Structure formats: C-alpha cells, structure tokens
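The values are calculated or read from the model by the stated rules, or taken from the named source; none is laboratory data. Just so it is clear, the structure is predicted and the values come from calculations on it, not from any experiment. Cβ placement follows ideal geometry from the backbone for every residue including glycine, while neighbour counts extend to all protein chains displayed. Surface accessibility is based on the protein's heavy atoms, side chains included, excluding ligands, DNA and RNA. Shrake-Rupley method; radii C 1.70, N 1.55, O 1.52, S 1.80 Å.
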Amino acid sequence: MVKNSFISVIPQEEKNKGSVEFQVFSFTNKIQRLTSHLELHKKDYLSQIGLRKILGKRQRLLAYLSKKNRVRYKKLIDQLDIREPKIR
C-alpha cells in the first residue's frame, strides 16, 4: 500500500494532516481515484469538475511549497513521482 509507505517516510513532526506534504499526498490519491473512475465513466461531468478543482488545489499547494522550501518540494515531487510543472 503506497499510503502507508509514504507516511512512514514523512518525519515525525510532519505527520499531522495539516502539513503541505500530507495534503498534496491526499490530493494525489484522490486524483488517482477520480482518474480511474473517469476512465470507466467518460460522461461523468461532475466528477470531471471535481477533478479539476482538486488538481488546482494541489497545484497551488505545490507552488506554495516550492516558494517556501525548495528542498522539501523536490523531495515530495520525487516521492510521489509527480512531474514538475513548468515555471513561466
């Protein structure tokens, strides 16, 4: 199970659910679930809207983390295997 392995990687003081890493991780899980759901149900437009909202939230959190702490951002990107967004 990916969830348990990632949470054990987070240091003890950051295991709270309010940390940016945990929030990005939970958004990533939701995105994966919704993506697999939408592969079966292509016309589920409400789920598509929900997916776009979650993607935007995760993108904003990642932008915040990259500005505040670039090392933690790079580590999180590598652990979750998320492609780094292009900075304009």
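Coupling constants for region 17-27 follow from the phi torsions by the Karplus curve (6.51 cos²θ - 1.76 cosθ + 1.60, θ = phi - 60°), and in residue order they are 6, x, 5, 4, 4, 5, 5, 5, 4, 5, 5 Hz; glycine and proline get x.
Pairs with C-alpha atoms separated by more than 29 Å, drawn from the list Lys17/Lys42; Lys17/Lys43; Lys53/Lys75; Lys17/Lys53; Lys43/Lys75; Lys43/Lys68, are Lys17/Lys42; Lys17/Lys43; Lys43/Lys75; Lys43/Lys68. Averaged per residue, region 24-80 has 71 square angstrom of accessible surface, using a 1.4 angstrom probe with ligands and nucleic acids left out. Label separation (Leu40 vs Arg72): 3.6 nm, computed from points 7 Å beyond Cα along the C-beta direction. Each residue of region 33-38 was assigned a 3J(HN,Hα) from its phi angle through the Karplus curve 6.51 cos²θ - 1.76 cosθ + 1.60 (θ = phi - 60°); the sequence is 5, 5, 5, 5, 5, 6 Hz, with glycine and proline shown as x. Computed from backbone phi with θ = phi - 60° and the Karplus coefficients 6.51, -1.76 and 1.60, the 3J(HN,Hα) list for region 72-82 is 4, 4, 4, 5, 5, 4, 5, 5, 8, 6, 9 Hz; x is used for glycine and proline. The overall shape of region 24-80, judged from the alpha-carbon gyration tensor, is prolate: a/c is not under 1.5, and a/b is greater than b/c.
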